[in-house]
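Below: the structure, in structure tokens.
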Amino acid sequence: MCDLFWKIYEMGIPVVVGPSHLARALGCPTTCDCDVVIHIGDAAHVGEKKCVWLSEDSAFIHRHIWIGGYPHISIEDMRKIVSPEVLETIDCVVNRLRSEPRGL
């Protein structure tokens with residue numbers, strides 16, 4: 001699914017899949033086919049890579065949600081991503097989820 005996830009995971013860095021997968025499912029714009037979220041303190045170990053988003057909250061890794069067998073960033077933690085490049089995608093996901101009618 002996401003080679004970037006596995007590359008960072010194999011480095012021993014806590015990582016979750018970013019919002020792009022959910023964004024595509026909800027019809028939101030996204031610039032990445034595969035994106036990931038890591039703690040801002042691990043950024044130096046990964047280097048500057050496209051579609052690697054940073055979070056200041058180190059606990060995000062413990063609040064992930066499972067989608068398709070991969071840990072994804074939780075909806076609540078999306079707002080804590082400090083990478084401005086993904087802000088439009090996050091806003092769209094959150095707004096779409098808020099406006100969806102609740103099912104039974």
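Here are the numbers:
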| read-out | value |
| --- | --- |
| Relative contact order %, segment 4-104, counting alpha carbon pairs below 8 Å whose residues are six or more apart | 28 percent |
| Estimated vicinal HN-Hα couplings, Hz - segment 21-38 in sequence order (Karplus 6.51, -1.76, 1.60; Gly, Pro = x) | 4, 5, 4, 4, 5, 9, x, 8, x, 8, 8, 10, 7, 9, 9, 9, 10, 10 |
| Pair Ser58, Ala44: separation of 7 Å Cα→Cβ label points (nm) | 1.4 nm |
| Portion, in percent, of the accessible area of the chain that falls on carbon or sulfur, probe 1.4 Å | 54 percent |
| Under 5 Å, built H, 5+ apart or other chain: amide partners of Val16 | Val37 |
| Per-residue HN-Hα couplings for segment 47-55 [Karplus 6.51, -1.76, 1.60; θ = phi - 60°; Hz; x = Gly/Pro] | x, 7, 10, 5, 6, 10, 9, 10, 10 |
| For segment 3-99, accessible area per residue (1.4 Å probe, heavy atoms of protein chains only), Å² | 55 Å² |
| Segment 65-75 - phi-based ³J(HN,Hα) in whole Hz, Karplus 6.51/-1.76/1.60, Gly and Pro as x | 10, 9, 9, x, x, 10, x, 10, 4, 6, 4 |
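The values are calculated or read from the model by the stated rules, or taken from the named source; none is laboratory data. Computed from a predicted model, the values in this text were never measured in an experiment. Positions of Cβ are backbone-derived with ideal geometry, glycine not excepted, and every protein chain shown enters the neighbour counts. To get the accessible areas, we keep the full protein, side chains included, count just its heavy atoms, and leave off ligands, DNA and RNA. Shrake-Rupley method; radii C 1.70, N 1.55, O 1.52, S 1.80 Å.
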